[in-house]
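The structure appears below as structure tokens.
The values are calculated or read from the model by the stated rules, or taken from the named source; none is laboratory data. None of these values were measured; they are calculated from a predicted model. Cβ sites come from the backbone with ideal geometry, for glycine too, and all protein chains shown count toward neighbours.
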Amino acid sequence: MNCIEALQRLDAARPDGSDLDQPEFRDARVHLECCPACAGEFSRRNAWDLAFLTASESAAESTSLFSVPDGLATRVLASLTSAENRAAVEPEATRPLSRRGWLTILTTTALVACVAVVWQSTLVTSGPLTVDRIRNWPDELFDSVDDAEALAALPEFIESGIPLPTGWDPAWLDQPIRSWPERTTVAVMSFQVPLSRRERVKGLLLAVPAGEVLDRPRVNDVTTARPNYSRSGRFSTAAWTDAESGMVFVCLVAPGHYERLRRALVPQPV
Ligand SMILES: [Zn+2]
């Protein structure tokens, strides 16, 4: 058996050497004993494989802190294994797991770990929102509805076209429109609705595509929505689903100002 044949044959051995005593590796083993070059190459390969195994295991361990969807790992493994099986030549099917087979599984372990991390991080930013989450979000950043500094610190809204609530005048909105830093589909606007010639109601308006909201409000207009205080008590909030624009709107005004906003928005009898 020459060097190439020996190393090819040893490719089928397990990286931990647990199956080296099998008869099929006997000739290769004999070759290793009398060929220092191959013995060195063989131990380098095994060391690399074992290092990879350790790294994969620790990656899998660190990601086990997160929850992975049931069966995800099984499905990824199954798809790779079936591809491997299709490629395999029939007589080889009974051979013990080859080095390449081991590497496939090790790589898959690392892949599943990566998928788990990516899956987890996208969940944070693209998981469904609730009205409560939207309603209470300004508590974290805004001292009041006209906290211009907090508003200016937000990124500009980059999605094209901002649907407004039906009947709202674009001139009521201050420019530029902002967005949530971690979720660019959520528009954050500050508005001033004229109440009389001198009086205005100031507030914040958050707009989210209705499809992203888990518990879409049943009311379809701010004037019929039931106001709720935000967690901090700094804002009186109202949420509604605007069927025409396909958006969920959450509007925040200072405590006690909701009635004024409602009066400003309800069409006055002529
Ligand atoms: Zn050799």
Exercise. Is there a residue in segment 32-40 that is modelled with pLDDT of 75 or more, within 16 Å of the ligand (Cβ to nearest atom), in the same structural domain as LEU103 (by TED's automatic domain parsing) and not in a helix (DSSP H, G or I)?
Worked result: yes
Problem set entry | Check on SER232, of a type in the set (Gly, Ala, Ser), in a loop (DSSP other than H, G, I, E, B), in contact (Cβ under 8 Å) with a residue 60 or more places away in the chain and surrounded by fewer than 22 Cβ atoms within 10 Å (Cβ to Cβ) | yes
Problem set entry | Residue, nearest to ASN46 (Cα to Cα), within segment 1-31, restricted to residues that are of a type in the set (S, T, N, Q) and within 16 Å of the ligand (Cβ to nearest atom) | GLN8
Problem set entry | Which numbered condition GLY246 fails, given (1) of a type outside the set (S, T, N, Q); (2) out of contact with any helix residue (DSSP H, G or I) (no Cβ under 6 Å at 6 or more places or on another chain); (3) surrounded by fewer than 12 Cβ atoms within 10 Å (Cβ to Cβ) | (2)
Problem set entry | Single match in LEU141, LEU154 (criterion: closer than 19 Å to GLY233 by Cβ and modelled with pLDDT of 70 or more) | LEU141
Exercise. Restricting the first residue to segment 17-45 and requiring it to be closer than 16 Å to GLU5 by Cα, which pairs with a second residue that is of a type in the set (Phe, Trp, Tyr) and surrounded by 14 or more Cβ atoms within 10 Å (Cβ to Cβ) meet a Cβ separation below 8 Å and a spacing of at least six or different chains?
Worked result: LEU32/PHE42
